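To start, the structure under review is shown below, and the notes come after it.
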Amino acid sequence: MSTYQVAKFCRSCLMNSEVRDLAIRTPEAALDLFDLSAQERALLLAGEVGELSLLGCNDFLLSYLPRWNLFGLDVPLYSERMRAVATRAVPNRHLTDELGTQAD
């Protein structure tokens with residue numbers, strides 16, 4: 001998996017109107033322009049930005065996708081999916097110290 005390709009896709013949607021328009025009209029064809037893994041492709045098509053974040057994709061770049069409702073995402077759904085995985089990213093975040101050991 002290369003999170004770089006997901007980042008490149010997100011950035012291209014922002015900067016390149018042809019890629020963006022293709023992603024709006026035919027998402028599968030837009031994704032074909034990038035060397036995505038099968039997992040990345042499936043997660044993008046499903047709009048699973050939270051899962052992509054857990055895999056190491058850049059949250060800021062993923063946040064471009066709801067601007068054009070790509071993959072069925074709008075801002076509330078994007079936020080919901082990111083919040084849903086937030087506690088899985090660092091379990092018991094509030095119970096661990098900076099070294100990741102259990103706090104008393």
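Derivation of every value follows stated rules applied to the coordinates shown; laboratory data play no part. Note that the coordinates shown come from a computational prediction; the quantities given were computed from them, not determined experimentally. Note that each Cβ is placed from the backbone with ideal geometry, even for glycine, and that neighbours are counted across all protein chains shown.
General observations
- When the GluC sites (Glu not before Pro) in the range 26-55 are filtered for DSSP coil states and for at most 10 other beta-carbon atoms within 10 Å of their beta-carbon, no site remains.
- Other-chain or far-sequence residues with amide H under 5 Å of residue 37's (modelled H): 2
- 20 Å reach of a label modelled at residue 60, 7 Å along Cα-to-Cβ, counting backbone N of the range 1-18: 3-16
- For the range 52-73, the residues whose amide N sits under 15 Å from a probe point set 7 Å from the Cα of residue 39 along the beta carbon direction are 52-58.
- Lys/Arg +1, Asp/Glu -1 at C-beta; the range 3-89 dipole; positive extreme among 6, 24, 53: 53
- In this Cβ point-charge picture (+1 for Lys and Arg, -1 for Asp and Glu), the range 9-94 has a dipole of about 320 debye about its Cα centre.
- Average projected area [Cα convex hull, the range 3-89], square nanometres: 4.8
- For the range 42-56, 3J(HN,Hα) per residue [Karplus equation, 6.51 cos²θ - 1.76 cosθ + 1.60, θ = phi - 60°, Hz, x = Gly/Pro]: 4, 5, 4, 4, 7, x, 8, 5, x, 5, 4, 4, 4, 7, x
- Scalar couplings 3J(HN,Hα) for the range 11-26, obtained by applying the Karplus form with A = 6.51, B = -1.76, C = 1.60 to θ = phi - 60°, are 5, 5, 5, 6, 8, 10, 5, 5, 5, 4, 4, 5, 5, 6, 6, 9 Hz; x denotes Gly and Pro.
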